[in-house]
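Below is one structure; the comments refer to it alone.
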Amino acid sequence: MKRHGWLLVVAVLVAGCDCGGTDVERETQEVTRLVFSVQPTDCAAMHPISPAVEVELRDSGNDRVEGADGLVALSLAEGPEGAELGGTVEVEAEDGTAIFDDLFLAVEGVYRLAAESDGLPQVQSALFEIKSSVPSRFSVEVSPDEIVAGDSVEVKISAVDYQGEVDPGYRGTVALSSSDEAASLQEPYTFTVADAGTASLTAALYTRGNQTVTATDTLDSGLSNSAGVRVNAGEAKALVATASEDEVAAGEAFSLDVELFDAYGNEARGYRGTVEV
């Protein structure tokens with residue numbers, strides 16, 4: 001790693017000097033240490049550590065050396081065996097500060113980071129914890145939220161962690177169910193790395209009324225959530241006529257009840273056509 005700009009000359013005005021109006025005394029600020037000015041904090045596995053970790057270049061008086069630059073590298077000082085620090089681990093400091101804004105860890109456990117830069121002693125961070133990425137709940141959205149019987153809806157499922165954020169590390173299997181016993185549902189789906197915690201499945205609904213679609217983790221029934229959808233009857237496809245009397249004399253009047261149904265047996269209550277007997 002190359003060291004850059006660590007000896008800075010600072011101009012300081014000195015009062016009472018007969019030097020044509022101004023005189024300067026030159027003093028030198030030298031970077032002597034690294035300091036974690038923003039420590040890593042607890043977060044979920046596969047989530048960026050937030051707020052961003054910051055390392056400052058400071059002088060012997062423990063002041064940040066403004067204008068100082070140089071390459072700062074982070075590594076794991078402590079952590080579970082086999083764990084690796086993800087994200088950008090080498091950053092060029094600007095104006096005395098190196099900012100690491102995309103660090104993450106995939107393995108849960110307790111960690112400590114180490115910061116290094118050429119010619120300076122290593123410094124270590126405070127301990128922090130990476131927690132399990134097992135989501136605390138599902139977020140379920142159905143689109144559209146109103147359909148005609150026989151149409152399909154998109155069911156968007158997101159695994160949400162304890163911080164209320166989408167959990168990109170979720171790899172569970174989700175099964176759909178519905179209050180509509182006639183529904184046609186996509187087979188259980190297993191989340192992949194590419195899904196990053198969110199996947200969309202499909203469901204076709206056939207029974208008129210307010211229905212729900214539910215997503216449930218196949219290994220944890222407590223991890224479940226639902227969304228509602230309004231199902232309207234489709235076009236009238238069938239007519240059923242029922243006489244008020246089973247038997248009448250010739251010429252005797254009787255009433256006839258006529259019901260119309262869509263292709264899935266729902267009453268076509270919106271029908272406004274003419275029926276001839």
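Before moving on, here are some points about what is shown:
- Residue count for the range 32-55 satisfying the condition of being among the acidic types (Asp, Glu) and under 11 Å from Asp101 (Cα atoms): 1.
- Those residues of the range 93-108 which are over 25 Å from the mean Cα position of the chain (by Cα) and either among the aliphatic types (A, V, I, L, M) or outside any loop (DSSP other than H, G, I, E, B) (or both), in sequence order: Ala93, Glu94, Thr97, Ala98
- Of all residues in the range 53-92 being over 19 Å from Leu127 (Cα atoms), among the aliphatic types (A, V, I, L, M) and in a strand (DSSP E or B), the one that is farthest from the chain's Cα centre (by Cα): Leu57
Residues are listed down the side, and each one gets a yes or a no for (1) of a type in the set (Gly, Ala, Ser); (2) at pLDDT 95 or above:
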{"site": "Ala199", "(1), (2)": "yes, yes"}
{"site": "Ala204", "(1), (2)": "yes, yes"}
{"site": "Asn210", "(1), (2)": "no, yes"}
{"site": "Val213", "(1), (2)": "no, yes"}
{"site": "Thr216", "(1), (2)": "no, yes"}
{"site": "Gly222", "(1), (2)": "yes, no"}
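- Some residue of the range 109-131 being assigned to a loop (DSSP other than H, G, I, E, B), within 30 Å of Gly222 (Cβ to Cβ) and touching a residue at least 60 places away in the same chain (Cβ under 8 Å): no
- Residue in the range 158-165 that is part of a loop (DSSP other than H, G, I, E, B), under 30 Å from Asp69 (Cα atoms) and either in contact (Cβ under 8 Å) with a residue 12 or more places away in the chain or in contact with a Phe, Trp or Tyr (Cβ under 9 Å, 6 or more places away or on another chain) (or both) present: no
- Any hit, the range 26-35, residues being closer than 18 Å to Gln124 by Cα, polar (S, T, N, Q) and either touching a Ser or Thr at 6+ places or on another chain (Cβ under 7 Å) or modelled with pLDDT under 95 (or both): yes
- Unmet requirement for Asp145, which otherwise passes all of (1) more than 17 Å from the chain's Cα centre (by Cα); (2) of a type outside the set (S, T, N, Q); (3) closer than 30 Å to Ala263 by Cα; (4) crowded, with 21+ Cβ neighbours inside 10 Å: (4)
The values are calculated or read from the model by the stated rules, or taken from the named source; none is laboratory data. Keep in mind that this is a model prediction, so the values were computed, not measured. So basically every Cβ, Gly included, is an ideal-geometry build from the backbone, and we count neighbours across all protein chains shown.
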